[in-house]
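The values are calculated or read from the model by the stated rules, or taken from the named source; none is laboratory data. Note that the structure is predicted; figures quoted are calculated from it, not measured. So basically every Cβ, Gly included, is an ideal-geometry build from the backbone, and we count neighbours across all protein chains shown. Side chains are part of the model used for accessible areas, which takes the heavy atoms of the whole protein and leaves out ligands, DNA and RNA. Shrake-Rupley method; radii C 1.70, N 1.55, O 1.52, S 1.80 Å.
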Amino acid sequence: MKETLLEMERYAKEKNVPIIEKDSIAYIMKYIKTHNIKNILEIGSAIGYSAILMAGASPLVKVTTIERDEIRYMECLKNVKKCGLEKEINVVFQDALEVNLTNVSYDLIFIDAAKGQYTKFFEKFKYFLAPGGVIITDNLKFHGYVGKKDLIESKNLRGLIDKIEKYIDFLKNNEEFDTEFIDVGDGISVSKRKNEK
Ligand code: SAM
């Protein structure tokens, strides 16, 4: 598994596939262990790097991970198989906003897909959060650009940063969830239902 993870890191670098920063996944793995997390939903598998590490955090963990890009989905399947985690990780090839979930609930929902759609993902998947569960989102600093929109020339990038800033406001002003912002890796948020604290 260690060799496969190293290969995946090399593949991600070569092919420009964004994968989670080491400090962020270390934080999430520790959270999984200390909070006895069992069922995880991940939005945005890419090549399976974070899914494999989360599944490896504890023997009881099961991960469902959703990816809409076919090449990455195939690569993810291959990597899950190489690690012998086919029973622990269910890889779904679909746009997360079109996925139909019924009769499932997750202790941890990890949002790590299209940054411009974070609020939509949160609003859709919060209904599948188990009591006491947590929604974790990655890339809230977006490589240091968040909060520095005015310095960015590219209109597309500015639009993306604007959406991440709006998501941060959405979390800060949320009446249902309390969110802690953790300054680790590229910045993550940890959101829990208010009445469950
Ligand atoms: N979680 C992965 C890791 O750390 O190893 C990295 C995920 S990468 C940052 C984001 C992925 O989300 C991309 O592979 C992209 O194709 C996928 N994605 C973006 N929007 C999506 C959507 N609406 N539904 C499913 N996958 C999506």
Antiparallel content of DSSP bridges confined to region 2-196, in %, to 5: 35 percent
Send over a whole-number figure in Å² for the accessible area per residue of the chain, probe 1.4 Å. 54 Å²
Arranged from highest to lowest average of other beta-carbon atoms within 10 Å per residue, in what order do the peptides 165-173, 39-47, 117-125 appear? 39-47, 117-125, 165-173
Once neighbouring chains are kept in place and the probe is 1.4 Å, which whole percent of the accessible area of region 2-196 is contributed by carbon and sulfur? 49 percent
Rounded to two decimals, what is the ratio between the C-alpha radius of gyration of region 1-119 and 2.2 N^0.38 Å? 0.98
Quick check on the chain: helices-only [θ] at 222 nm, where DSSP H runs of length 4 and up contribute -39,500 (n - 2.57) each and the sum goes over total residues. Nearest 500, please. -11500 deg cm²/dmol
So if I take the centroid of the Cα atoms in region 21-69 and the same for region 129-194, what is the distance between those two points in Å? 19 Å
Rh (Kirkwood, all Cα-Cα pairs) for region 109-197, Å, reads 13.4 Å
How big is region 42-197 on each of its three principal axes, counting only the C-alpha atoms and giving the largest first in Å? 46, 39, 29
Among 4-17, 63-76, how do they line up from the highest to the lowest mean number of other beta-carbon atoms within 10 Å? 63-76, 4-17
Computed from the beta carbon distance with a Förster radius of 41 Å, FRET efficiency for V17 and E175 to the nearest 0.05 stands at 0.65
Over 18 Å between alpha carbons, listed pairs K141/K166; K22/K82; K115/K148; K141/K163; K81/K124; K15/K62: K22/K82; K81/K124; K15/K62
On full extension of the chain, what length is gained from H35 through N90, given 0.36 nm per residue of separation minus the C-alpha to C-alpha distance? 17.6 nm
